[in-house]
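Here's the structure we're looking at; comments come further down.
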Amino acid sequence: MTFTLPTLPYEKNALAPHISEQTLEFHYGKHHQTYVTNLNNLVQGSANESKTLEELICLSSGKPDMVGVFNNAAQVWNHTFFWNCMSPNGGGSPTGKIAEMINASFGNYEKFAADFKQAALTQFGSGWAWLVQECDDLKIIKTANADLPMVHNQNALLTCDVWEHAYYLDYQNRRADFVQVFLDHLVNWDFVNKRLEN
Ligand code: MN
């Protein structure tokens with residue numbers, strides 16, 4: 001299987017001023033593209049070349065001799081997921097089923113937002129903050145580098161990329177400001193609702 005860079009669900013300037021066109025040109029056009037290119041180079045011509053992205057992630061997870069495949073396959077998945085987690089007029093309190101579930105799990109949206117931000121800020125170095133579904137529970141977790149909920153039997157609902165390349169052009173070292181803007185202006189709750197498993 002040859003992997004390709006998926007189309008962004010909006011124009012590259014659509015998230016400005018919260019995330020600039022320049023950031024998306026680098027983050028989507030360079031970083032995400034590089035993970036796709038690297039993955040193709042690693043699997044084409046190998047025994048795994050007919051596998052899907054999810055199959056590659058699961059079969060390479062925890063295998064020391066497949067670290068390159070895991071890192072690039074997971075980062076392809078994570079970035080595609082991250083773009084879908086945002087929309088130009090998103091953010092703020094959720095609606096629909098996820099709103100009820102957040103209230104049940106965290107008390108209210110403000111507590112959820114505070115906990116999500118805390119996870120994003122305490123991820124030391126590169127990684128991701130996530131809202132995940134595990135059985136009937138919602139949890140907030142953080143993962144390092146390319147690690148992702150799929151390999152921990154969790155269903156990813158929402159993520160924020162906290163690698164420096166996600167925010168440095170717009171926010172320099174101010175990860176907290178980036179995560180706050182993500183929560184206030186970018187989260188696509190319609191997408192999160194569609195991710196829920198019954
Ligand atoms: Mn990234």
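The translational diffusion coefficient of the stretch 21-84, from Stokes-Einstein at 10 °C and 1.306 mPa s with a Kirkwood hydrodynamic radius over alpha carbon pairs, comes to 131 µm²/s. Karplus-derived 3J(HN,Hα) values for the stretch 51-66, using 6.51 cos²θ - 1.76 cosθ + 1.60 with θ = phi - 60°, are 6, 6, 4, 5, 4, 5, 4, 5, 6, 9, 4, x, 9, x, 7, 10 Hz; glycine and proline are entered as x. Applying the criteria of a DSSP loop state and at most 13 other Cβ atoms within 10 Å to the GluC sites (Glu not before Pro) of the stretch 40-115 yields Glu49. Rg ratio for the stretch 1-44: its Cα radius of gyration over 2.2 N^0.38 Å, N being its residue count, equals 1.32. Residues whose amide H falls under 5 Å from that of Ser126, counting only those 5 or more places apart or on a different chain, are Asn145, with hydrogens built in the peptide plane. Legend: calculated FRET efficiency, Leu5 to Thr95, from the Cβ-Cβ distance at R0 = 30 Å, rounded to 0.05, equals 0.45.
Under the combined filter of DSSP loop state and at most 14 neighbouring Cβ atoms within 10 Å, the stretch 94-198 retains these trypsin sites (Lys or Arg not before Pro): Arg174. 3J(HN,Hα) along the stretch 169-178, derived from phi through the Karplus expression 6.51 cos²θ - 1.76 cosθ + 1.60 where θ = phi - 60°, amounts to 5, 9, 10, 6, 7, 8, 4, 4, 5, 4 Hz, with x in place of Gly and Pro.
In whole angstrom, the stretch 97-197 maps to an equivalent ellipsoid with semi-axes of 22, 16, 11, each derived as √(5λ) from the alpha carbon gyration tensor and ordered largest first. Over the chain, dividing the summed -39,500 (n - 2.57) contributions of all DSSP H runs of at least 4 residues by the number of residues returns a 222 nm mean residue ellipticity of -13000 deg cm²/dmol.
Couplings for the stretch 130-140, taken from phi via the Karplus curve 6.51 cos²θ - 1.76 cosθ + 1.60 with θ = phi - 60°, read 9, 9, 10, 10, 10, 6, 9, 9, 9, 9, 9 Hz in order; Gly and Pro are left as x. Decide, for the stretch 149-198, between rounded, prolate and oblate: order the square roots of the alpha carbon gyration tensor eigenvalues as a ≥ b ≥ c, take rounded if a/c falls under 1.5, and otherwise choose prolate if a/b is larger than b/c, else oblate. Cα axes put the stretch 149-198 in the oblate bin. Report, in whole Å, the centroid distance computed from the Cα atoms of the stretch 68-93 and the stretch 1-37. Between the Cα centres of the stretch 68-93 and the stretch 1-37 lies a distance of 10 Å.
If the Kirkwood radius is taken over C-alpha pairs of the chain, then at 20 °C and 1.002 mPa s the Stokes-Einstein diffusion coefficient equals 124 µm²/s.
Read-outs: derived from the displayed coordinates by stated rules, not from any lab. A quick note: this is a predicted structure, and the numbers were derived from the prediction, not measured. Quick reminder, even Gly has a Cβ in these numbers, built from the backbone with ideal geometry, and neighbours come from all protein chains shown.
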